[in-house]
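Values quoted throughout were computed directly from the atomic coordinates according to the rules given, and no laboratory measurement underlies them. Just so it is clear, the structure is predicted and the values come from calculations on it, not from any experiment. Here the Cβ is made from the backbone with ideal geometry for all residues, glycine too, and neighbour counts use every protein chain on show.
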Amino acid sequence: MTVMRPRAWAFSAAVLYVGATAAAGLVHVLTGGSVGGFSVPHLLAFPGSGVVTVLLFLTAGFFGPGNPAADASADPGPTLGSLVPVVGGALVNVLLIRGMAGFVRLFVREWAAARRARGACVRRGA
């Protein structure tokens, strides 16, 4: 029996989280959920989806009007535009967790080095 290493397990968990969030968002859009409102997929990717939504609003001015003139009688069908904040938010969450884990590893490593150095000074009698 093989046991997954922690990094492989973390990568698999991140891929599973992003995939599950994307699938939930796709199901929500295809079943006719609220396109502009917040829903379960947005809550799954909460802090990241907020960051992505703010960045989309900030960059919207560079790309022109968001609603081009269209025929009002034509049914546009389901729009997949609401998946961008959900999937992007899930990716931002994964990157946030990876950054926090890296910071904790660095903090623990530096704390242990300082503790070893302090112990060496005490043993020498300094």
Problem - Net charge over other residues, Cβ less than 12 angstrom from the Cβ of F11 (K, R count +1; D, E count -1) - result: +3
Practice task
Multiply the residue gap between S39 and F57 by 0.36 nm, knock off their C-alpha separation, and tell me the result in nm, one decimal place.
Solution key: 4.6 nm
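Count charges around F103 for me, please; just the other residues with Cβ under 12 Å from its Cβ, Lys/Arg as +1, Asp/Glu as -1. Provide the component values of the computation, followed by the final result.
Values: positive: R98, R105, R109; negative: E110.
Summing Lys/Arg as +1 and Asp/Glu as -1 gives +2.
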Problem - Integer Hz, Karplus 6.51/-1.76/1.60 couplings in order for the stretch 48-53, x for Gly and Pro - result: x, 5, x, 5, 5, 4
